Amino acid sequence: MKRAGIALVLAGLAVVGAAGCEAGKSTSSGTTTTAKPVLWNPCTEIPDALLTEVGVDPATEEKGVAGVPQSGWEICGWEGPNYSLTVYTTSKKVEEFEQKPGNVDFRDVTIAGRSGREFRVAGASKHLDCDVVFPSSQGVVQLQVLGSPLIDDLEDPCTTLATVGEVLVPTFPK
């Protein structure tokens, strides 16, 4: 779990704070609410059988960043022998990820028939990390693969992400 915790902390740093505060919404009575929409929850919506199929252990599930919930996000991560996998949902937009300093190497990808924007996070673990954000009606769903730094000759994490995505992306909300 220590590796998953480290991976989730790194992942959290990559996404938490991708954008500023959300604006309140006016109701018909003229009052303002700041109620956030209910986000799709990867911890409850991705079946264990699919997690096993992609090579992570459902029993290693960790919610939030190192177990700490993040406001405006649903985050769930799992560990496998070669990589950790994290799925995030937020009401933020793809453009906010593109504008965040440290998110680099953006390119268009299609995984399981769905268009997304692949990127990496600059820094020491850049060669171990790959992320894709998929637009959804709620904002985005982000899929992240973080390779183990303990494994030599590890497959490129973006190649692993594409393979994992073929199985998991069909479960993501549109």
Handout entry: the stretch 122-174: Rg to Rh, with Rh as the Kirkwood radius over Cα pairs
Key = 1.04
Problem - Stokes-Einstein diffusion coefficient of the stretch 71-122, Kirkwood radius over Cα pairs, 10 °C, 1.306 mPa s, in µm²/s - result: 124
Exercise for the section: Work out from phi, with θ = phi - 60° and the Karplus expression 6.51 cos²θ - 1.76 cosθ + 1.60, the ³J(HN,Hα) of each residue of the stretch 140-147, listed in order in whole Hz, and give x for Gly and Pro. Expected result: 9, 10, 10, 10, 10, 10, 10, x
Problem - Size descriptor, Kirkwood hydrodynamic radius, that averages inverse alpha-carbon separations across the stretch 86-174, Å - result: 13.2
Problem - Cut-off 12 Å between beta-carbons: net charge of the residues surrounding Gly102, Lys and Arg +1, Asp and Glu -1 - result: -1
Handout entry: Karplus-derived 3J(HN,Hα), 6.51/-1.76/1.60, for each residue of the stretch 80-92, Hz, glycine and proline x
Key = x, x, 10, 7, 10, 10, 9, 10, 10, 10, 7, 7, 5
Problem - Net charge contributed by nearby residues that have their C-beta within less than 9 Å of Val132 (K/R +1, D/E -1) - result: -1
Handout entry: Interchain or long-range residues, amide H under 5 Å from Tyr83's placed H
Key = Ser148
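All of the numbers you see were taken from the coordinates with simple rules; none came from a lab. These numbers come from a predicted model, not from an experiment. Quick reminder, even Gly has a Cβ in these numbers, built from the backbone with ideal geometry, and neighbours come from all protein chains shown.
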